[in-house]
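All remarks here apply to the structure that follows.
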Amino acid sequence: MSIFKSIFCSIVTYRSESWVLTTKTKNKLQAMKMKYFTRVEGVKRRDSISNEK
């Protein structure tokens with residue numbers, strides 16, 4: 001998680017103070033975040049993942 005905060009977040013939000021934060025932008029940022037986490041975990045698109053523990 002610390003790598004995510006230190007590297008990924010800083011790259012994605014570089015010069016973000018000048019952005020207009022719309023719902024579309026929020027959704028894109030959320031999608032990038034989820035794509036990063038699934039790639040780090042090694043989850044493939046066809047893998048079935050349950051929310052149950």
Of all residues in the stretch 12-29 being of a type in the set (Ser, Thr, Tyr), surrounded by 10 or more Cβ atoms within 10 Å (Cβ to Cβ) and assigned to a helix (DSSP H, G or I), the one that is nearest to the chain's Cα centre (by Cα):
THR25
Of (1) assigned to a helix (DSSP H, G or I); (2) free of Cβ contacts under 8 Å to residues at least 24 places away in the same chain; (3) surrounded by 10 or more Cβ atoms within 10 Å (Cβ to Cβ); (4) of a type outside the set (S, T, N, Q), VAL43 fails just (1)
Of all residues in the stretch 30-53 being among the charged types (D, E, K, R) and more than 12 Å from the chain's Cα centre (by Cα), the one that is nearest to SER2 (Cα to Cα):
GLU41
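Rule-based calculations on the coordinates, nothing more; no lab input. Quantities reported herein were computed from a predicted structural model and do not represent experimental measurements. Note that we place each Cβ from the backbone using ideal geometry, even for glycine, and neighbour counts take in every protein chain shown.
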